[in-house]
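Just below is one structure, and these are the notes that go with it.
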Amino acid sequence: MVILFGLAGSGKSTQGQILAEKYGLVWLSVGQVLRDTGKFDKILEKGELVDDEVVVKIMSEKIKEIRDGGKDIILDGFPRDIAQAKMISKDLAGDIKKAIILDVPKDELLVRIMARGREDDTREAVERRFEIVEKNLRGILRELEKKGVKARRVSGVGSIEIVTRRLERELFRGKVPARQTQRQRTLRHAEHVK
């Protein structure tokens, strides 16, 4: 299991989905999982947060279901705070292989976010959200380090393809994932048969 962290606009959801598709993993976004239940729409529409214990219970069940199906996971937006990190570290810390922070300078993030043109994306509101996420992230990283998971930073600046390649290098460190190796074997075999 891999956890992708990053501030709003860093591209972590885009990258998580690309990597999941490419390597046969499951991209698991806490926001998407909560929306899929249909139980928290009113809370989410107001921009409020769902209770930590509820989030951890739902996410733990979803993670178990996916793992029981033999798939690995890229987590996006979970854990979101130190309380969640403490809760998951009891059960899931041993399953976390990597934690990666997608690093993008705040000035660039502000440009990306302002370009979306949402009414609630004022500079002051966005900077406030950044502060909250960064404070939470510091606590989460401390909690993960206690369990032997040290987060690595990867630059999220550049084209989507360049950032994907950086993440692949960090995730696989020169080792080709098993799924890719199998595909290459199949292609080599097909060429040999020709």
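What to note about this one:
- Cross-link table K42/K98; K22/K135; K42/K150; K22/K62, entries beyond 26 Å C-alpha to C-alpha: K42/K98; K22/K135; K42/K150
- Compared with the dominant Cα axis of the chain, that is its longest principal axis, helix 82-91 is turned about 40°.
- Dipole of the chain computed with +1 at Lys/Arg Cβ and -1 at Asp/Glu Cβ about the Cα centre; of A99, S60, F130, farthest Cα towards the positive end is A99.
- Packing order of peptides 22-35, 160-173, highest average first: 22-35, 160-173 (average count of other Cβ atoms within 10 Å over each peptide's residues).
- Dipole magnitude (debye, nearest 20) for the chain, charges at Cβ of Lys, Arg, Asp, Glu: 1040
- Ascending count of other beta-carbon atoms within 10 Å, so fewest first, for L144, L44: L44, L144
- Among the GluC sites (Glu not before Pro) in the range 1-55, those placed in a DSSP loop whose Cβ has at most 15 other Cβ atoms within 10 Å are E48.
- Average Cα contact separation per residue, the chain, under 8 Å, 6 or more apart, as relative contact order %: 30
- Applying the criteria of a DSSP loop state and at most 16 other Cβ atoms within 10 Å to the GluC sites (Glu not before Pro) of the range 82-134 yields E119.
- For the range 49-83, the list of trypsin sites (Lys or Arg not before Pro) that fall in a loop by DSSP and count at most 13 other C-beta atoms within 10 angstrom reads K71.
No lab work stands behind these numbers, since they all come straight from the coordinates. Note that this is a predicted model, so its numbers are computed, not measured. A quick note on method: Cβ atoms are made from the backbone with ideal geometry, for glycine too, and the neighbour counts reach across all protein chains shown.
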